1. In vacuo Debye scattering of the chain, one point per C-alpha: log10 I(q)/I(0) at q = 0.10, 0.13, 0.16, 0.18 Å⁻¹?
2. Mind running the shape call on region 26-101? Use the C-alpha gyration tensor, a ≥ b ≥ c as the square roots of the eigenvalues: rounded below 1.5 for a/c, prolate if a/b tops b/c, oblate otherwise.
3. For the chain, with every protein chain kept in place, what is the accessible area per residue (1.4 Å probe, Å²)?
4. In degrees, nearest 10, range 0 to 90: what is the angle between the Cα axis of helix 2-60 and the longest Cα principal axis of the chain?
5. Answer with one residue from GLN116, ALA4, GLN49: the one whose Cα lies farthest towards the positive end of the charge dipole of the chain, charges on Cβ with Lys, Arg +1 and Asp, Glu -1.
6. Extension gain GLN45-GLN115, at 0.36 nm per residue separation less the Cα-Cα distance, in nm?
7. Name the residue farthest towards the positive end of the dipole of the chain from the options ALA81, ALA40, GLY20, assuming +1 on Cβ of Lys and Arg, -1 on Cβ of Asp and Glu, about the Cα centre.
8. Say each of ASP64 and VAL16 gets a label point 7 Å from the Cα, pointing the same way as Cα to Cβ; how far apart are those two points in nm?
Amino acid sequence: MAAAKAATNAGQAALVSGMGEAKQLETQAAREVAVGTYNADIINQRAKQILSSQRAAAAAGGGDTTDATVQAITDETIKSASVEKLMQMANAEDKARQLRFEASTRRYAGATGLQQGRLKASAQKTATWGQTILSTEKLGSDIASKVFMMSG
């Protein structure tokens, strides 16, 4: 019975371990998204600073924000910043998705470990009962043969 208890305990430990690792990975995934969002905000702030500098340079040079050249430079800056922000967020989301998948895998491994522990415990109990039955049967057979020898 001790072997069955050990198998059950090992299965429960596998489950707890898998769930703990999964929780850490989920936390890391959330952190990845938060960092991606933060970096996207920094990109946005930097783009605003660049646009402000471009407008100031255009005004200092006698240009106007409606000028075609100034407008083209502004559009290119906005487009570049937008692409950079999207790439930052896409990379963060992709990393988070990978971490969530890994978390799911760890939870499954933990649940599988628990099931294996239960099956092993059940097999140990069955084996113990089988040995008990065989021992009892042999004991009964030995007693019967001794009784038969004494009576004969």
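The values are calculated or read from the model by the stated rules, or taken from the named source; none is laboratory data. Here the structure is a predicted model, which means the values were calculated and not measured. Here the Cβ is made from the backbone with ideal geometry for all residues, glycine too, and neighbour counts use every protein chain on show. Ligands, DNA and RNA are stripped out before the accessible areas are found, and what is left, the full protein with its side chains, is counted by its heavy atoms. Shrake-Rupley method; radii C 1.70, N 1.55, O 1.52, S 1.80 Å.
1. -0.66, -0.80, -0.93, -1.01
2. Since a/c reaches 1.5 and a/b is larger than b/c, the shape of region 26-101 is classed as prolate.
3. Normalised by residue count, the accessible surface of the chain is 70 Å².
4. The helix 2-60 is inclined about 0 degrees to the chain.
5. Toward the positive end, the furthest listed residue is ALA4.
6. 20.0 nm
7. Farthest along the dipole direction, towards plus: GLY20.
8. That separation, rounded to one decimal, is 7.5 nm.
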